[in-house]
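In what follows, a single structure is set out as structure tokens and then discussed.
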Amino acid sequence: MQLRVPEKLAMTLCLLVTSLTAPPHLSLALVTLMLIARRAIPGLRPMDNPTARRFRTVLGFLLGGAIIMTFLNGVLIREGPILFQWAGISLYDGGIEFGVRTGSRLLLMTSALLILFGSTPLSGITTFLHQIGVPIQIVMTIHLTVHFVASMPSRIERIYSAQEARGAPLRAHSLSRMFSLMSILSPLILSSIVESIERGKALELRGYSSAPRRADDTVPFSSPYSILTICFLLLSIAALLLPWLLG
Amino acid sequence: MAPRITIDNLAYRYFAAGNPVFVGLSLEIPPGTCCAVLGPTGAGKTTLLEILSGIAGSQCKTSVAEGIIQIGENQYEPIPKATLFPGVGLLLQDPDVQISGIRDTVAAEVEFTLEQLSISATDRQRRVRDILADLGLSPLSQRHPLGVSGGERQRIALASVLVASPSLLLLDEPANALDSRSQHLLKGILRSRKETTTIILTDYSIDFALGLADMFVVLAAGRLVFQGTSTDFFKALVSMQDLLPIEYWKLLQSRLPKTRVRIPL
Amino acid sequence: MSIALQSAGFSYPGSAPALRDISLEVPSGDFLLVTGHNGAGKSSLLRLLNGMLKPNTGCILIDGRDTKTTPVSSLAPVVSVTFQHPGDQIFASTVFDEVRFGPRQLHRPDPDRDCREALVLLGLESFSSSHPYDLSPANRKLLTIASAVASGSPYLAFDEPTVNLSQPERVKLSSMLHRLGDAGRSFIIVSHDLEFFLPIAKRILLLHAGRISFLGDRRDIQRYENLARKAGVRLPHSFRLRPHVGLPLLPD
Amino acid sequence: MSSRIRHQFDRELDGAGLPFVAFCIALNLTVGQITAALKLPLYLDSVGTVLAAVLCGPLSAILAGALSNILAGAFGNPSMMFFVPVVIVIGAFSGYLAKRGWFRSWYLAAAGGVLQGVLAAAVSAPIAAFLFGGVMFAGTDVLVLYFRSVGNTLLQSVFYQGLSSDPVDKIVTYLLVYFICRNLPLRLLQRFHGGNNILASKTAQ
């Protein structure tokens, strides 16, 4: 089964709404379901190895964090009956329950979003956004941002070396490091402003004008609302009403 | 149709209180000419191109201008207020900036220019294919536009300008940062466009313009020092000594002897 | 005062060594031109010199101090390294403040005087209250060079200082190099621009695949030329033609 | 989108504005690398938003903020997406301050930073409390737990935790933006739609 972008977006929306309203065991069940779907459904598989690796790290980190937070909550939030007592440390039911609820919610949200962005190229999402009428400026900004983000670390590194070589106190006590912040941020912003102006010229010279001259003949959007999309949207509404349904 | 460019008594400054970039500049460039604008740093070469392309009028909100500019049939008083896309194309000095970075392949990057015009998708793709073939970029069409060599990047930038078929093509220091092979290639491309396009390019030294430009304009500190054919330019260079910074004049002089033999006198 | 590299080697984590077994001494008053193909290790060498990178093998002694144990900030008064892109360091709102930053950070006794002298040396004195971004790109490049000069470090290292400079700025740069060279300052210059630097350099270092392929006096240029051709670096035309018209390879 | 907003949006995101807003977003997303390298206990993750507010205008700032969090969510920490309302408030508020001329002197900018910090803490507290139970998987979680264990409600605890860090962070952000923009040459300032926010004070000097 090949999922298309609108279907995946509707599915993610549905999962996000559910994560906010569903009880912990349902959330955890859905997380498991998503993990299976990520392997089984081609449209949800990660695009490449780094994405797959990131998925595993983030989720693993989150799981570990959730367990620690649940424990800490159980110790520090003294509500409800004591579940467990050992060497002067008491675990309270209220805290544990709160921890489990928050942890499962975060797990579901994170896995839903990670699967969406791990399996869909950004250009697929932006094309969809443009087709449903999001202004072209926003779509272009997203693409340019991704382009800039990729070049940022090496740029910061270059500025850092250049300023350190001039004697900027980048490793001194914290007050002078505060001042050094200016000597790093300033060149970064100044050179980017100059670059933005040049890029802006190039864009306008190639016909970009902020008053939109939208190409009306972009590939027509065959049918944005497939049965699957509608199902997921309806499910989202159902999920919204979940607390009321469960009483 | 290649347009005739007439600049009449142009005065320009970036701020009302700032130093003037141009004072009383008048120029005439016949249709289908390749005109080289020479001059030392700060002579106003880039500003002239930016004014003609309309980008100065559109972006420099505090600038002050006087005079009349005529490009083909259109008259602007004093200068164009918005970019004259697609009739006028300007290739900026730094090709990396001209490549927008919002498209993943060379073909899509070049096509982006046409998306601003109402042209059908099939027409767009045909024009992109043609221009890439013209500039020898067809093998790169599916590569990432920033993952190619410097000379190729500049040709991609040029393709993204030329694909809109401007009848006035402006090039800012196109020879900068190009090795001699790429320069040769670029010259060939420009020569083949002379019929249909008026070309104005700036060049710090005259190496690139030699053998390509039919007309030379020399600016110094915003004033016109010379305008005329290449033959006249070589004759007049001796008399420009007092009008140009001495180092720059020497540089122009030093570039001449090698080529003088080629000029039929 | 001297800089000494003792069989220094460096590799970025997880990749092949960028520099291998580099032994080199730069005595006071030297003018060392570092050449080599892209990726031959030239910029790594510059970063090793001011302690930004620490050698994995061997050691680097700057003024007798090991860079591995000395903080970068106390090496800066000895070696001042300037990188290629002016945009990476310019942050002040006037040319004067920009140039004064270095001498101030290095606690020089009279930063204002250092700054004025450096601006005069590079012919930028008339711009001292301009905004750096109101200068032409070429003058902005000279501005970064002036910043290094003003820092008063006896060793000045530049990465591709002639890129983007046109004739008048080149003249200013070369007069600065001559005057400071006569005053006893030492230069380490990484550049492709042999046409500009061969006539003024004292020694030439050729790096090839992270190793020293040639290190010697500029008078050994013939031997350099043979090795350089193997390393994919060619002498500029204007030099290669000289022997054909009966001139020595290098002008004196 | 009403036509007036649309018009303002088009004006702010003109040729130079669009790449600059993209840069501001990239700055928001990567400024953490700088503070980490300098070992400063600051986030500064709205410095790009405030910069866009001053140089381009309020709508650009809102866009910069919203896209920063959405992209941060897409590429790293998905919970960032739920704080989009917070950054929209930050963008709108700083855009408003810029328009009213709060970036014309350092003390006004600092005062704006304090207000912004309190506002940010107030808006993010309900989201952090009700959606995440105050758990953000950061060092600050311990602080929230501390406030709770001494008897505050969850919402209060999250708000106090926000108050302990946000105002300082925003003061530094605002001052940085103030000093950087004040140092811009007129030639560059005039290219931006919001350049007038500072131009007036510069030409007056």
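The values are calculated or read from the model by the stated rules, or taken from the named source; none is laboratory data. Quick caveat: nothing in here was measured; it's all calculated off a predicted structure. Every residue, glycine among them, receives a Cβ derived from its backbone with ideal geometry; neighbour counts consider all protein chains shown.
Restricting A:ILE142, A:ILE156, A:ILE138 to those that are out of contact with any Asp or Glu (no Cβ under 7 Å at 6 or more places or on another chain) and either in a loop (DSSP other than H, G, I, E, B) or within 11 Å of chain C (Cβ to nearest Cβ) (or both) reduces the list to A:ILE156. Within segment A:60-103, the set of residues being touching a helix residue (DSSP H, G or I) at 6+ places or on another chain (Cβ under 6 Å), over 16 Å from D:LEU145 (Cβ atoms), of a type in the set (A, V, I, L, M) and more than 8 Å from every other protein chain (Cβ to nearest Cβ) comprises A:LEU83 only. Looking at segment C:122-202, the helices (runs of 4 or more DSSP H) lying wholly inside it that each contain 1 or more residues that are acidic (Asp, Glu) sit at C:167-182, C:194-197.
On the stretch given as segment B:58-78, residues that are under 17 Å from the mean Cα position of the chain (by Cα) and assigned to a loop (DSSP other than H, G, I, E, B) total 1. In the set (1) assigned to a loop (DSSP other than H, G, I, E, B); (2) not assigned by TED's automatic domain parsing to the domain that holds C:PRO236, C:ASN38 fails one condition alone, (2). For segment B:97-111, the set of residues classified as in a helix (DSSP H, G or I) and of a type in the set (D, E, K, R) consists of B:GLU109, B:GLU111, listed by residue number. Listed by first and then second residue, the pairs with beta-carbon distance under 6 Å, at least 6 apart or on different chains, first residue in segment D:142-165 and touching a residue at least 12 places away in the same chain (Cβ under 8 Å), second surrounded by fewer than 20 Cβ atoms within 10 Å (Cβ to Cβ) and hydroxyl-bearing (Ser, Thr, Tyr), are D:PHE147/D:TYR160; D:GLN161/D:THR140. Listed by first and then second residue, the pairs linking a residue in segment D:75-99 that is more than 14 Å from chain A (Cβ to nearest Cβ) to a residue that is of a type in the set (Lys, Arg), with Cβ atoms under 6 Å apart and 6 or more places separating them unless they lie on different chains, form an empty list. Residue count for segment A:180-211 satisfying the condition of being more than 7 Å from every other protein chain (Cβ to nearest Cβ) and either at pLDDT below 85 or closer than 30 Å to A:THR18 by Cβ (or both): 1. Looking only at residues in segment C:197-252 that are of a type in the set (Val, Ile, Thr) and surrounded by 15 or more Cβ atoms within 10 Å (Cβ to Cβ), the one that is nearest to C:THR162 (Cα to Cα) is C:ILE200.
If you filter segment D:1-38 down to residues that are of a type in the set (Val, Ile, Thr) and within 7 Å of chain A (Cβ to nearest Cβ), you find that the one that is surrounded by the fewest Cβ atoms within 10 Å (Cβ to Cβ) is D:THR30. Contact map, segment B:107-118: first residue assigned by TED's automatic domain parsing to the domain that holds B:VAL161, second residue modelled with pLDDT of 90 or more and in a helix (DSSP H, G or I), Cβ cut-off under 6 Å, separation 6 or more or different chains; pairs are B:ALA107/B:VAL128; B:VAL110/B:VAL128; B:VAL110/B:ALA159; B:VAL110/B:SER160; B:GLU111/B:ARG124; B:GLU111/B:VAL128; B:THR113/B:SER160; B:LEU114/B:ARG124. Yes or no: C:PHE196 outside the structural domain of C:GLU98 (by TED's automatic domain parsing) and within 23 Å of C:SER7 (Cα to Cα)? Spelling it out, it is not the case that C:PHE196 is outside the structural domain of C:GLU98 (by TED's automatic domain parsing) and within 23 Å of C:SER7 (Cα to Cα). For segment B:1-44, a residue qualifies if it is at pLDDT 90 or above and among the charged types (D, E, K, R), and the qualifying residues are B:ARG4, B:ASP8, B:GLU28.
Does B:ALA133 satisfy being buried (at least 20 other Cβ atoms within 10 Å of the Cβ), assigned to a helix (DSSP H, G or I) and modelled with pLDDT of 85 or more? No; evaluated as a whole, the condition is false for this residue. The single condition among (1) under 21 Å from the mean Cα position of the chain (by Cα); (2) assigned to a helix (DSSP H, G or I); (3) among the small types (Gly, Ala, Ser) that D:SER157 does not meet is (1).
Being part of a helix (DSSP H, G or I) and within 14 Å of chain D (Cβ to nearest Cβ) is the filter here, so list the residues in segment B:46-57 that pass it. Residues satisfying the conditions are B:THR46, B:THR47, B:GLU50, B:SER53, B:ILE55, B:ALA56, B:GLY57. Counting the residues of segment C:65-77 that are surrounded by fewer than 21 Cβ atoms within 10 Å (Cβ to Cβ) and more than 16 Å from A:PRO169 (Cα to Cα) gives 4. Among the residues of segment B:85-95, the ones that are modelled with pLDDT under 90 and either more than 9 Å from every other protein chain (Cβ to nearest Cβ) or in contact with a strand residue (DSSP E or B) (Cβ under 6 Å, 6 or more places away or on another chain) (or both) come to 2 in all. Would you check if C:THR82 is more than 19 Å from A:ILE159 (Cβ to Cβ) and in contact with a Lys or Arg (Cβ under 9 Å, 6 or more places away or on another chain)? So C:THR82 does not fit the description; no. A count restricted to segment B:112-126 and to residues that are surrounded by fewer than 20 Cβ atoms within 10 Å (Cβ to Cβ) and either part of a helix (DSSP H, G or I) or of a type outside the set (A, V, I, L, M) (or both) stands at 7.
Residues being away from chain A (no Cβ under 11 Å), in contact with a Gly (Cβ under 9 Å, 6 or more places away or on another chain) and at pLDDT 85 or above are entirely absent from segment D:130-153. For A:ILE138, the stated conditions do not hold, so it cannot be described as surrounded by fewer than 21 Cβ atoms within 10 Å (Cβ to Cβ), under 30 Å from D:ARG11 (Cβ atoms) and in contact (Cβ under 8 Å) with a residue 24 or more places away in the chain.
Filtered by the rule that a residue be more than 15 Å from the chain's Cα centre (by Cα) and buried (at least 20 other Cβ atoms within 10 Å of the Cβ), segment C:37-50 gives a lone residue, C:ALA40.
When segment C:179-191 is examined, which residues are found to be of a type outside the set (Ser, Thr, Tyr) and in contact with a strand residue (DSSP E or B) (Cβ under 7 Å, 6 or more places away or on another chain)? Listed by number, the residues that qualify are C:GLY181, C:ARG185, C:PHE187, C:ILE188, C:ILE189, C:VAL190. Just name the residue that is modelled with the lowest pLDDT out of those in segment C:133-165 that are in contact with an Asp or Glu (Cβ under 9 Å, 6 or more places away or on another chain) and among the charged types (D, E, K, R). The residue in question is C:GLU160.
In segment C:105-162, which residue that is among the aromatic types (Phe, Trp, Tyr) and under 19 Å from A:GLY167 (Cβ atoms) is surrounded by the fewest Cβ atoms within 10 Å (Cβ to Cβ)? Here the residue is C:PHE158.
Residues of segment A:92-140 that are among the hydroxyl-bearing types (Ser, Thr, Tyr) and over 22 Å from the mean Cα position of the chain (by Cα): A:TYR92 alone.
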